[in-house]
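Note sheet for the following structure.
Bear in mind these aren't lab numbers, they're just calculated from the coordinates by the rules spelled out. Quick caveat, the model's predicted, so the values are computed rather than measured. Heads up, the Cβs are rebuilt from the backbone with ideal geometry, glycines too, and the neighbour counts pull from every protein chain shown.
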Amino acid sequence: MSYGAIAMPPASRELSRKAAVIGVGESDFGGDYAAERAKAPGYEAPTLEALIGKAFQRALDDAGLERKDVDGLSVSYTYGGPPAEELAPQLGLSPRYAVANGNIMAGPLPRICADIAAGKADVVAMVFGVASRSAGRQFGGNTFPAGGGGAPSSYYYYHPWGWSSQAAHWALMFSHYSHAYGVSEEDLGAVAVQLRAHAGRNPNAVMRKPLTIADYMASRYIVRPLHLFDICIVNDGAVCLIVSRAELAARGARPPVLVAGWGEARVKADKMDVMVRQGLRPVIAEAGRQALDMAQVSLDDIGHFGGYDPSTMQLVNQVEGYGFVPAGSGVAFCQAGGMDIDGRLPTNTEGGNLSGSYMQGWSQVVETVRQLRGEAGPRQVAGLDVAMTSLAQTDQAHPIIYVRGE
């Protein structure tokens, strides 16, 4: 079984709108997090399999399908889990197609769409699960492995100087951004406050308590100049997407959400320059160009954005990198309400990784589906037809574009 980012099928207009997401399901992010924190007498954390089973059943119900209708299974885990051949009977499935499909939402969905278009399956249940919080997994610091043991190789060389996690990347990025554009820590806090406001409208979010700029500024540093609320939460959970051939999706009771385009670009040289001085803009822009061309839509058509937000700074990088706003203006854009429900680009309306849940970009897809179907309740974006999600790391970008079907 493979983990991490996987090879994404090249962007191709021939694959546009050939598959659709027809069902979504999640585990109880907020409830499970609260229970884990409280640890009442007799408390036992739900197993990874139990989390996946709950998300799968909810997605199946959401799609209005029975188990016999599903002929494909894709499994994705952050820190390991049962292979597809073991999980399938636990879910009551007998798939003709089964695949281990990475973990982060970079290549998994495009790969499944391409395989469906190739006739390998008609209806695929894509499951993702992670149980890092209940396992007590640490991210960064002296206990984090310096190379090997799952630590990205870029940490190995800088670990003696405190660069032991992704947070150090984001901190260095913001230090340069702050100097270049005159943006303060307090200014950046607007991004965390905005996403917390979104999470307050999401009953399944982990962090729903209102957050103010004063709260943000009073919080401890994780890696200076980034505060606690600049960095994503850590929680257990599972997500399931049910994806089908487009013609089958059109027969369902709900509007199908067609996968219209995707893209991929990576830093090829001078990573520190591209990552820090340029805020990954060349990489993000190229990946976005591919996705827009495949989907045959323009940036102005995008009415909702679900960006991977392991930090406030990386969300700003993506909003700027795709060209929604000019370089250096992303924080001011948020401060002016541009990321709010009724703003120019409603962003991470479920709360994102900062307040909603940390599911490696999968929850952003679930929220996008609900938004395009008009089912997001008090956080619904009006008149939405086209949306984008994005998984951008420190050296690569993977946008996906979705359109509402009929």
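Of note:
- Cα shape, the range 1-125, gyration tensor, a/c 1.5 rule: prolate
- Projected over every direction and averaged, the convex hull enclosing the alpha-carbon atoms of the range 283-404 yields 6.6 nm².
- In the chain, the calculated helix contribution to ellipticity at 222 nm averages -9500 deg cm²/dmol per residue, counting -39,500 (n - 2.57) for every DSSP H run with n ≥ 4.
- The residues neighbouring ILE213, those whose beta-carbon lies less than 12 Å from its own, together hold a net charge of -3 under the Lys/Arg +1, Asp/Glu -1 convention.
- Order of VAL276, VAL123, VAL206, VAL191 under a 10 Å beta carbon neighbour criterion, fewest first: VAL276, VAL123, VAL206, VAL191
- Where the Cα pairs of the range 56-115 fall when distances are cut into 10 Å bins, in %: 21, 52, 27, 0
- Efficiency of FRET between LYS209 and ARG13 - r from beta-carbon atoms, R0 56 angstrom, step 0.05: 0.80
- Cα centroid separation, the range 332-406 to the range 7-67: 17 Å.
- Burial ordering of LEU391, LEU65, LEU299, fewest other beta-carbon atoms within 10 Å first: LEU299, LEU65, LEU391
- Sorted by Cβ neighbour density within 10 Å, fewest at the top, the residues SER357, SER390: SER390, SER357
- Of every Cα-Cα pair in the chain, the percent that sits beyond 31 Å: 32
- Charged neighbours of PRO203, selected by a Cβ distance under 15 Å, balance to +1 (K, R count +1; D, E count -1).
- Cross-link partners for LYS54 among the lysines, with Cα-Cα distance under 29 Å and sequence neighbours closer than 8 places in the same chain left out: LYS18, LYS39, LYS68, LYS120, LYS209.
- Other residues whose C-beta falls under 12 angstrom from the C-beta of ALA19 contribute a net charge of +2, scoring Lys and Arg +1 and Asp and Glu -1.
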